[in-house]
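Structure first, commentary second.
The values are calculated or read from the model by the stated rules, or taken from the named source; none is laboratory data. Small disclaimer: the values here were computed from a predicted structure and weren't measured. All Cβ positions, glycine included, derive from the backbone under ideal geometry; neighbour counts span all protein chains shown.
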Amino acid sequence: MEFFQENIHLKEVFIQLVAFLIVFLTLKKFAWKPLLAIMKERRDKFEHEWTHIEKIKKDVAALQKDYQTHLQKIEEEARIKMQEAIQEGRRIAREIQEKARADSQASFEKAKETIGIEVEKARIELRREIAKLSLQVAEKVISEKMDGAFHEKKALELIDELEKKL
């Protein structure tokens, strides 16, 4: 205790206490309020930044949802367009097949008609040949020569009558 009595002076303690109070009150009045204001401003700034970040996160989530929706719509439209293209291709294939059938049927009919004409020509030629042969046979049988055009006409008439009967 002697150490404290010798080294501690009540007057110095009192002066230090008064100086501490003066410095404390001065700091409280001039420095504490600005420090608190700065800290409050900083806290508000952090809160504002956090709310801004949360808002941006929500906006990003909404944009992502919109993007997904838009992407699904695009995929659906692509699917629809592909189906339409497939249907259009099938329709064109059917048209080509129908046209090919119609063309082949027309070619068949034309060939049939041509064959009919050729058959008719062959019949006419055959009738003439038969008439000539008949005349030659009759000529040989009768031994006299007949007039060709008149008798050929008569022979053709005879053949026509025979064909009608058949």
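Within region 1-40, which residues are of a type in the set (Asp, Glu) and surrounded by 10 or more Cβ atoms within 10 Å (Cβ to Cβ)? Break it down stepwise before answering.
Keep residues of region 1-40 that are of a type in the set (Asp, Glu), which gives 2, 6, 12.
Passing the criteria: only 12.
Scan region 109-159 residue by residue and report those that are part of a helix (DSSP H, G or I), at pLDDT below 70 and among the acidic types (Asp, Glu).
139
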